[in-house]
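Trainee: Here it is, the structure in full.
Taken together, the values in this text are just the output of simple stated rules run on the coordinates, not laboratory data. Just so it is clear, the structure is predicted and the values come from calculations on it, not from any experiment. As a convention, Cβ positions derive from the backbone with ideal geometry for all residues, glycine included, and neighbour counts pool all protein chains shown.
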Amino acid sequence: MPYDIDNEIEVENDNQDRFSGFAKETTLELVEADDGTLLLRDAEQDDEPLMTIDFSDKLKELLGSDTQAIGQHMIHAAIQVIMQKQMSQWHAHVYDKEPTHYS
């Protein structure tokens, strides 16, 4: 299934807070489970993981100890995409408003 990068990110337009729809601060941790699965989770909440990365045994054998570094790069790329989409949407909200005074 291909990744659809044009998915909508929901932002509440009714809230007057200019950062509504954005996470204020989140601490994430990447841990390796006993079975070798990489888990991305909120460090302050011990709920189910936000994301899991599971490499096949053949790929684990091929990559060796580099699986954790590759998982970190995959998560970093995903976070960059999400942040870019949020910033683009935030800028669209700022620039689409009618100015109160024209110069």
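Trainee: Convert each backbone phi in the range 60-67 into a coupling constant with the Karplus relation 6.51 cos²θ - 1.76 cosθ + 1.60 (shift: θ = phi - 60°), then list the ³J(HN,Hα) values in order as whole Hz, x for Gly and Pro.
Mentor: 4, 5, 5, 7, x, 7, 7, 4
Trainee: Would you mind checking which residues have amide H under 5 Å from LEU28's amide H? H placed 1.01 Å from N; only 5 or more apart, or other chain.
Mentor: Excluding prolines and chain starts, which carry no amide H, the hits are ALA43.
Trainee: Return the long-range amide H neighbours of MET51 (sequence gap of 5 or more, or a different chain), with a cut-off of under 5 Å between placed amide H atoms.
Mentor: LEU40
Trainee: From the phi angles alone, apply the Karplus equation (6.51, -1.76, 1.60; θ = phi - 60°) to the range 52-57 and give each ³J(HN,Hα) in whole Hz, x where the residue is Gly or Pro.
Mentor: Those phi angles translate into 10, 10, 10, 7, 5, 4 Hz.
Trainee: What is the distance, in nm, between label points placed 7 Å from the Cα along the Cα-to-Cβ direction at GLN80 and at THR37?
Mentor: For the pair GLN80/THR37, the computed spacing is 2.7 nm.
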